[in-house]
2 protein chains.
Amino acid sequence: MNTRGSAIPGIEAYLAEFVRQLPFPTALRSAIEYALLGGGKRLRPQLAWDSCIAAGGNGEMSLPAGAAVELVHAFSLVHDDLPAMDDDDLRRGKPTLHIHAGEAMAILAGDAMLSLGFHVLAERAPEHIGICLCRELAGGTEGMIAGQVYDTLCGDGGGMPDGLSDRQRLELIHRNKTGALIRASCRMGAACAGALDESMEMRAISAYADAVGLMFQVVDDLLDVTQPAERIGKRANKDAQAGKLTYPGVLGVEGTRKAVQELREKAMNAIEGLGERGTGLRELAEKMARRES
Amino acid sequence: MNTRGSAIPGIEAYLAEFVRQLPFPTALRSAIEYALLGGGKRLRPQLAWDSCIAAGGNGEMSLPAGAAVELVHAFSLVHDDLPAMDDDDLRRGKPTLHIHAGEAMAILAGDAMLSLGFHVLAERAPEHIGICLCRELAGGTEGMIAGQVYDTLCGDGGGMPDGLSDRQRLELIHRNKTGALIRASCRMGAACAGALDESMEMRAISAYADAVGLMFQVVDDLLDVTQPAERIGKRANKDAQAGKLTYPGVLGVEGTRKAVQELREKAMNAIEGLGERGTGLRELAEKMARRES
């Protein structure tokens, strides 16, 4: 039984095997493999893995959930990179999928990966929790899309509730755009261990997820300012050009560092009651707070 | 209890209510409503409705399944219309979503509708069949995407098995592109009535679905040739320009008419054993064979 450690070797093998056996046209499978395999930090599967352990399971039990959230994450990157969206040519140092395989294939392969997220749950998760996992995954996916709309298509306030401060607007964007799928990753991992909605474990892990989900984005904004050379830079420049809201823009650099520490503590406090089983989640929050790329 | 009749009033109200209560940004919800509501033949929900009745249920029981397949169908139309795909400006006589709301919104709203297909099942179908419905929906969605890849992106044979005749290639494309979601519609409808995978009803309805799914496309190809003025025409012209395989191209017009009749009979024979309960499916196959638009 694996009670700690990294989800990465397990999830890489799991995703590769899952995609390999699909009865897809070669060109479609290759496009999916290009976008999905051999790269990425696998943060979301790791959150599922550590949440599963924190709720009393073992890491392997979380793999269907980890594969599902990673498929949805990979789909979102492919569609975000499209010319009509962020128009990015590079992703993790290699050409984006629409540069590599054409725009039509990038749209279709992204669509397929979204469907595959639900497919892997329906086929491989234990039957009695499958539908609960699908519900969480749909919530995470739709939150992410809603956040993207708030962030990029509601510039004139169309669709965002009135009367919010800049900080509240930022929080609404990022609790959806990044936070919703991170929340789903954690809750799905816990559900794989059998944690029920109303359980102490599920409530603790959800509160942890809400804190680290937002922290992830706050750190991201901070790195765009403090490490511009290490970042691709394109995004940061674009955001500045577009006059987009960012945490350093609203809180200043020091205020943003403080916000990171507050969210880190919030995450730690949320899982205090899980004791030893929460070690993986604690280490992950620490790593997310300190990351430099 | 509704044992016959049209799915349309029920499905229209169901979809409208489902979308209205989603916690989405206004702009995203409006885009989804634009693409999803107030148009379309609702063929797939009708197939789910009649399949549910054929398997011993009533029409209302099929509504979550009908909503799911219509959401996926609507997503596929929005993405198919995009500039990088078919580049269509009109759909059902009004501007396509990317013309109406911009390309980024069309990509995102399409993505959201795909997720919502699974969401409506996870939230509204009876708990014990939810995961079976999700499995069918994923299969239908991925088949449709695979068919699209075979049809538009494998022109040089990349990905299509070697050694197929033109007719076999056509069948492979359309059994996936149109057939897979039609099959899912029928099987999901039957599952809503409690039909199990290995049951006589499920086998009969699956065979029916395979026949009408292919027939739908054969009729479509035929209408492009025999009723070019009534069709938007653009597609038919494009297909001709691209030298694309079509049934009249391979079988001639008379051969294509014969193929329609053979598939119609195949569908009728498949559900002979369902007796009176199969009346709705029989009428629908008849209507699909005779349609003129």
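Observations on the model:
- The simple spin-label model puts a point 7 Å past each Cα toward its Cβ; for A:Thr226 and B:Met85 those points are separated by 4.3 nm.
- Between copies, B:Pro23 shows label-point distances of 4.0 nm, shortest first, with the point placed 7 angstrom from Cα along Cα to C-beta.
- Separation of the A:Glu283 and B:Thr279 label points, Cα + 7 Å toward Cβ, nm: 6.7
- Scaled radius of gyration (Cα, divided by 2.2 N^0.38 Å) that segment B:8-290 gives: 0.98
- For the protein assembly as shown, the Cβ-based charge dipole about the Cα centre amounts to some 80 debye (Lys, Arg positive; Asp, Glu negative; other atoms uncharged).
- Per-residue [θ]222 nm for the protein assembly as shown (sum of -39500 (n - 2.57) over DSSP H runs n ≥ 4, rounded to 500): -23000 deg cm²/dmol
- Inter-centroid distance (Cα atoms) of segment B:185-205 relative to segment B:7-56, Å: 21
- A:Arg91 long-range amide H proximity, modeled H, under 5 Å: A:Thr96
- Take each residue in B:134-147, count the other chain C-beta atoms within 10 Å of its C-beta, and the mean is 6.
- Only Cα pairs under 8 Å and 6+ residues apart enter the sum, and on that basis the relative contact order of segment A:8-290 stands at 21 percent.
- Gaussian network model of chain B, springs between alpha carbon atoms under 10 Å - residue of B:Gly213, B:Gly275, B:Gly255 with greatest fluctuation: B:Gly275
- A simple spin-label model places the labels of B:Met200 and A:Glu262 6.8 nm from each other, with each point 7 Å out along Cα-to-Cβ.
- Here B:Asp162 yields copy-to-copy label distances, from shortest upward, of 6.8 nm, the label point defined as 7 Å from Cα along Cα to C-beta.
- Other copies of B:Gly273: label-to-label distances in nm, shortest first, labels 7 Å along the beta-carbon direction: 5.5
- Extension reserve of the B:Ile8-B:Arg291 stretch, reckoned as 0.36 nm per residue once the Cα distance is removed: 100.1 nm
- The string of couplings for segment B:277-293 from the Karplus curve (6.51, -1.76, 1.60, θ = phi - 60°) is 5, x, 4, x, 5, 5, 4, 5, 4, 4, 5, 5, 5, 9, 4, 10, 8 Hz, one whole number per residue in order, with x for Gly and Pro.
- If a spin label sat at a point 7 angstrom from the Cα of B:Asn58 along the line to its beta carbon, the backbone N atoms of segment B:183-204 nearer than 19 Å would be those of B:189-195.
- Using the Cβ-Cβ distance between B:Arg20 and A:Val253 with R0 set to 60 Å, the FRET efficiency works out to roughly 0.90.
Laboratory data are not the source of any read-out in this text; all were calculated from the coordinates shown. A quick note: this is a predicted structure, and the numbers were derived from the prediction, not measured. Virtual Cβ from ideal backbone geometry, glycine too; neighbours counted across all protein chains shown.
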